[in-house]
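**Student:** Mind having a look at this structure? Questions to follow.
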Amino acid sequence: MFKSRGFDKPSIFSQLMSYIVLLFWAFVVLFPIYWVFTTSLKLPFQVDSGPFYIPFIDYKPSLESWRYILVDLRVDTLRPFYNTVVVSIVSSVLALIIGSTAAYGLSRFQYRPRLSGIFLFIALVALMVVGSSFGVPWYLLLIVAIVLFFFLLGPLMKRFPKALGNNDIAFWLISQRILPPVAVIIPIYVMFQQLKLLDTQFALIVTYMAVNLPIVIWLLRDYFVNIPIELEESARVDGASPYRVFWSIVLPLAVPGLVATFLFVLVFAWNEYLVALFLSKANAQTMPLLVAAQNNTRGPQWWYMSVYILIMIIPVIILAIMLERYISRGLLVGAVKG
């Protein structure tokens, strides 16, 4: 019972303990979802006089909360849900398209940007910002910045030849995701305010795409590295262009990684709260804002909030179940190297 029967055949006691640990962890993970589901089937007095956990035994289930949310408040519920679906999917798809090309470039080509050129670009952008604050026309500032950039770039690159590599670029990209969103949300708010794009789906889509783009690049870069380069070399020998190699060979092989990355980014966009709080009001309100508003205006009415929570998580759970076979393959590739 306690003796191992082989390298790949643990003892009966070890298997039993493994099942016990897995069952306990499954209970810890699934019980909150079960609690939310049962709460959505309760009336207010049943929630306040609980705890009741087993339908038809501890309490009589009721669909009153679901009827109130989906029928009485269907307009107030469907609009945030529609905004959440559109903004999350569109921003995730755009981030995946742009990020996959950037990740492929970082995994297959060597870039050596000069530090002098980077600092020159930053200095000229800062000069344009300062000049615009004094009332100088933006097009005049842009012309001056372009002229100065091309005149100063060559001498500065010769004087300061130090350059960055692909790893430096990748680290800089992921550092943008590590940066707390609250540190940059005010400039983003001011930018969209000046563009008259506050409380629009477009503002949320652009911001979510920019915020999640570093994650896409970081994950897919490691995935593309593990695709044998010999396949691409064989295609080039047959006359395929770099774009044909990428779209016809690399992307089909990277489907598991693309699906796993897409689901990660989709969940981040689906649950995002801070950016939506600043950039949207009523027209572009998303589900996290609706749940927060429900809690703030009426107190913690758990029977209604449980319905909102289930409406939020059920589509993502269904999508994860449908894409499970791709996700498992996408997450494991690159875990062991060498």
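**Student:** Residue by residue through region 171-182, what is 3J(HN,Hα) from phi via Karplus (6.51 cos²θ - 1.76 cosθ + 1.60, θ = phi - 60°)? Round to whole Hz and write x for glycine and proline.
**Tutor:** Using θ = phi - 60°, the values come out as 5, 5, 5, 5, 5, 5, 7, 5, 4, x, x, 5 Hz.
**Student:** Within 10 Å, count the other beta carbons around each residue, average over each peptide in 148-155, 280-287, and list them highest first.
**Tutor:** Output ranking for 148-155, 280-287: 280-287, 148-155.
**Student:** While we're here: Most exposed first by the Cβ proxy, i.e. fewest other Cβ within 10 Å, how do ARG112, ARG79 rank?
**Tutor:** Values: ARG112 11, ARG79 16.
Going from least to most buried by this count: ARG112, ARG79.
**Student:** Would you mind checking which residues have amide H under 5 Å from ASP199's amide H? H placed 1.01 Å from N; only 5 or more apart, or other chain.
**Tutor:** SER280, LYS281
**Student:** Taking every pair of Cα atoms in region 247-309, average 1/r, invert it to obtain the Kirkwood radius, and report Rg/Rh to two decimals.
**Tutor:** That ratio is 1.22, to two decimals.
**Student:** In Å³ and rounded to a whole number, note down the convex hull volume per residue for the Cα atoms of region 87-177.
**Tutor:** In region 87-177, the Cα convex hull volume per residue is 147 Å³.
**Student:** Okay, moving on. Which whole-Hz couplings ³J(HN,Hα) result when phi for each residue of region 27-32 is put into the Karplus expression 6.51 cos²θ - 1.76 cosθ + 1.60, θ = phi - 60°, listed in order with x for Gly and Pro?
**Tutor:** 3J(HN,Hα) across region 27-32, in whole Hz: 5, 4, 6, 8, 4, x.
**Student:** Could you sort the peptides 17-30, 166-179 by per-residue average Cβ neighbour count (10 Å cutoff), highest mean leading?
**Tutor:** The packing order, highest mean first, is 166-179, 17-30.
**Student:** Once the convex hull of the alpha carbons of region 113-163 is built, what does its volume come to per residue, in cubic angstrom?
**Tutor:** Per residue, the Cα convex hull of region 113-163 comes to 58 Å³.
**Student:** For the chain, what does the helix formula give at 222 nm: sum of -39500 (n - 2.57) over DSSP H segments with n ≥ 4, over the residue count, nearest 500 deg cm²/dmol? Could you put the intermediate results ahead of the total?
**Tutor:** Working: 16 runs with 240 residues, N = 338.
Computed mean residue ellipticity for the chain: -23000 deg cm²/dmol.
**Student:** Work out from phi, with θ = phi - 60° and the Karplus expression 6.51 cos²θ - 1.76 cosθ + 1.60, the ³J(HN,Hα) of each residue of region 204-221, listed in order in whole Hz, and give x for Gly and Pro.
**Tutor:** With the stated coefficients, region 204-221 comes to 5, 4, 4, 5, 4, 4, 5, 5, 8, 4, x, 5, 4, 5, 5, 6, 6, 4 Hz.
**Student:** With unit charges on the beta carbon (Lys/Arg positive, Asp/Glu negative), name the residue among ILE327, VAL211, ALA240 whose Cα is farthest towards the positive pole of the charge dipole of the chain.
**Tutor:** Positive-most Cα among the choices belongs to ALA240.
**Student:** Using unit Cβ charges (K, R positive; D, E negative) and no other charged atoms, how large, in debye to the nearest 20, is the dipole of region 1-62 about its Cα centre?
**Tutor:** On the way: 5 positive and 3 negative charges, 61 e Å.
Around 300 debye, computed over region 1-62.
**Student:** Let me ask you something else. Efficiency by 1/(1 + (r/R0)^6): what FRET value for VAL190 and ASP222, r their Cβ-Cβ distance, R0 = 41 Å, to the nearest 0.05?
**Tutor:** Taking R0 as 41 Å, the efficiency between VAL190 and ASP222 is 0.70.
**Student:** Please report, in debye to the nearest 20, how large the charge dipole of the chain is about its Cα centre when each Lys and Arg carries +1 at its beta carbon and each Asp and Glu carries -1 there. If you can, show how the numbers build up before the last one.
**Tutor:** Working: 24 positive and 15 negative charges, 130 e Å.
About 620 debye.
**Student:** Taking 2.2 N^0.38 Å as the expected size of a compact globular protein, what ratio does the Cα radius of gyration of region 1-62 give against it, to two decimals?
**Tutor:** Normalised Cα radius of gyration, region 1-62: 1.82.
**Student:** A further question follows. Could you let me know the centre-to-centre spacing of region 215-266 and region 114-184, using Cα atoms, in angstrom?
**Tutor:** Taking the Cα centre of region 114-184 as reference, the centre of region 215-266 is 30 Å away.
**Student:** Shifting gears a bit: Once you sort the root eigenvalues of the Cα gyration tensor of the chain as a ≥ b ≥ c, which label holds: rounded (a/c under 1.5), prolate (a/b larger than b/c) or oblate (the other case)?
**Tutor:** The shape class here is oblate.
Coordinate-derived values only; no laboratory data. These numbers come from a predicted model, not from an experiment. Please note: Cβ atoms are built from the backbone with ideal geometry, for glycine as well, and neighbour counts cover all protein chains shown.
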